[in-house]
Amino acid sequence: MADNDAGHSPDTTPQGSRAPQGAAGRWNERTTDPDSDPASRLPGRGRYGPSAAQGVARALRSMAVISQADGVALMLADGQGQLRAVGGSSAEGLDLEYAQQREQLGPAHESVAAGRPVAVADLRGHDGDGYQRLARRAAPVRAVLAVPVRVRGSAAGALNFYRRTPCHWTSDHIAVGQRLADTAADLLVRLAGTTIDHGGR
Amino acid sequence: MPIDTAALDASLDRLRKSPHETDVARALRRIVDSVHELLGYDGAGIMLIDEHERLLYVAASNEAGRSLEQAQANAEQGPCHDTYVQGRMVSTKDVRADARWPQLAAVLDERVRAVAGAPILLGGSPVGTLNVFRSEPGEWDDADVAALRAYADLAGELVTAALSSQEHSVTAAQLQYALDYRVVIERAIGYLMATHRIDAVSAFNRLRRQARDSRRRVADLAAEILDGTAP
């Protein structure tokens, strides 16, 4: 499989690609402070019940094994269209997503804005002040491959594959990422259809 | 568990408003395509159990792989069959020469040689298998096993979510049956193992054959065995 095609090409340069700020900006207008509700990390408090959170957690761990990355993490758009950190196959994955949410930039935002995979070989080597802060917050994560999660053709979020060492993401990595992003979408729409617990909160 | 449930809820609320396809079989087919293309085997498939405790394909990457279904049904033995009954990974470097399934070679497509299967679990019990094969004999290494198990786990998450969302499809109904009756069937298999001093696969085959011969559902016969009313 070729690395690039005209409409769906990841930037696999060490710096990755930068989406136009105007396009990315719609994801950046409002973010939640990740520290405002520490209990939100606890399982079983969601309206969709503990099984939804556990299902996402298990799926991310399976995806980490399949992709042979150090981990996989997920950001999804909320009701206002803002990308929020949802989870990771490990704590450092969720921290990577919180870092992107806090800085309002990163591979996930670029991937969703551009509608294609975005590969960053080393967060520390990426141009821009924002990325330097992101690299510090996301440590020990160094390399990130973000792939859009599409639901009915629209990007609902991004799946992030990451490594603790700099990494050149290959066409094979990207192919695996796109397949797993499709499965993530299949899982999420079904979790979204589960019965909501209105009485527990 | 590194999940932000508040953010997950907000995202699922948004997705809830978006209509989507309602047949989990399509999603399972995408997993089979993914396994087939990415792991580089000669074929892959997912089989789920039906109310007669038969493993039936919901997705197969090609006809050679599809022969695994009919061949194992005819022979009442095989690696996928064992994967389901035992609820664990089963593999063989050459299914045609494996002494565990002597009846299989005669009815199986010649292109199917090395086979591996991983159970698909629903609520901790097997409801089907994800299986792969190669056309040449060969060992399955740790990476193969880990990837296959991880894909089977993903398939398990999908079918679990499909049932939780009360999906209306043939596949979902099939899975609901498996979920509802798996416990009684497992208990009946255990009873037959202890009573007749046979292994799980033999007990499973005995139960299934007796149900077929008496034109009853396996789950109904299993219940009768356990309450002592079976003939």
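The values are calculated or read from the model by the stated rules, or taken from the named source; none is laboratory data. Please read these numbers as outputs of a predicted model, since none were measured by experiment. Here the Cβ is made from the backbone with ideal geometry for all residues, glycine too, and neighbour counts use every protein chain on show. In case anyone asks, the SASA skips ligands and DNA or RNA and just uses the protein heavy atoms, side chains included. Shrake-Rupley method; radii C 1.70, N 1.55, O 1.52, S 1.80 Å.
Details
- Residue match in region A:71-79 (condition: within 17 Å of the chain's Cα centre (by Cα), more than 7 Å from chain B (Cβ to nearest Cβ) and at pLDDT below 50): no
- Of the set (1) more than 15 Å from the chain's Cα centre (by Cα); (2) surrounded by 17 or more Cβ atoms within 10 Å (Cβ to Cβ); (3) basic (Lys, Arg), all apply to B:Arg182 but (1).
- Test: residue in region A:156-171 that is more than 18 Å from the chain's Cα centre (by Cα), in a helix (DSSP H, G or I) and in contact (Cβ under 8 Å) with a residue 12 or more places away in the chain: yes
- A single entry from B:Ala73, B:Ala10 fulfils the requirement of being of a type in the set (A, V, I, L, M) and either within 17 Å of the chain's Cα centre (by Cα) or not in a helix (DSSP H, G or I) (or both): B:Ala73.
- Matching residues in region A:110-138 - criterion: being over 21 Å from A:Asp70 (Cβ atoms) and either at pLDDT below 95 or not small (Gly, Ala, Ser) (or both): A:Val112, A:Arg116, A:Asp127, A:Gly128, A:Asp129, A:Gly130, A:Gln132, A:Arg133
- Subset of region B:145-160 [under 12 Å from A:Leu187 (Cβ atoms), within 7 Å of chain A (Cβ to nearest Cβ) and in contact (Cβ under 8 Å) with a residue 24 or more places away in the chain]: B:Asp153, B:Leu154, B:Leu158, B:Thr160
- One residue alone among A:Ala121, A:Ala143, A:Ala114 is open to solvent by 10 Å² or more (accessible area, probe 1.4 Å), small (Gly, Ala, Ser) and more than 30 Å from B:Arg29 (Cβ to Cβ), and that residue is A:Ala121.
- In region B:87-106, residue surrounded by the fewest Cβ atoms within 10 Å (Cβ to Cβ) [restricted to those that are touching a residue at least 40 places away in the same chain (Cβ under 8 Å) and of a type in the set (A, V, I, L, M)]: B:Ala97
- Filter result for A:Ala135 (surrounded by fewer than 24 Cβ atoms within 10 Å (Cβ to Cβ) and either aliphatic (A, V, I, L, M) or out of contact with any helix residue (DSSP H, G or I) (no Cβ under 6 Å at 6 or more places or on another chain) (or both)): yes
- In region B:47-86, the residues that are open to solvent by 20 Å² or more (accessible area, probe 1.4 Å), under 20 Å from B:Leu122 (Cβ atoms) and of a type in the set (Ser, Thr, Tyr): B:Tyr57
- Taking the criterion of being open to solvent by less than 20 Å² (accessible area, probe 1.4 Å) and touching a Pro at 6+ places or on another chain (Cβ under 6 Å), the only residue of region A:42-86 that qualifies is A:Ala53.
- Hey, B:Thr92 touching an Asp or Glu at 6+ places or on another chain (Cβ under 9 Å) and not aromatic (Phe, Trp, Tyr) or not: yes
- One residue from B:Ala146, B:Ala116, B:Ala152 being more than 23 Å from B:Met193 (Cα to Cα), at pLDDT 95 or above, among the hydrophobic types (A, V, I, L, M, F, W, C) and open to solvent by 30 Å² or more (accessible area, probe 1.4 Å): B:Ala146
- The number of residues in region A:69-112 being of a type in the set (Gly, Ala, Ser), in contact with a helix residue (DSSP H, G or I) (Cβ under 6 Å, 6 or more places away or on another chain) and either over 15 Å from A:Leu159 (Cβ atoms) or in a loop (DSSP other than H, G, I, E, B) (or both) comes to 4.
- Selection count, region B:1-35, where residues are open to solvent by 30 Å² or more (accessible area, probe 1.4 Å) and either touching a Pro at 6+ places or on another chain (Cβ under 7 Å) or in contact (Cβ under 8 Å) with a residue 60 or more places away in the chain (or both): 3
- Among the criteria (1) open to solvent by 40 Å² or more (accessible area, probe 1.4 Å); (2) in contact with a strand residue (DSSP E or B) (Cβ under 9 Å, 6 or more places away or on another chain), the one B:Arg206 does not fulfil is (2).
- Just one of the listed residues (B:Ala162, B:Ala194) is assigned to a helix (DSSP H, G or I), open to solvent by less than 70 Å² (accessible area, probe 1.4 Å) and of a type in the set (A, V, I, L, M), and it is B:Ala162.
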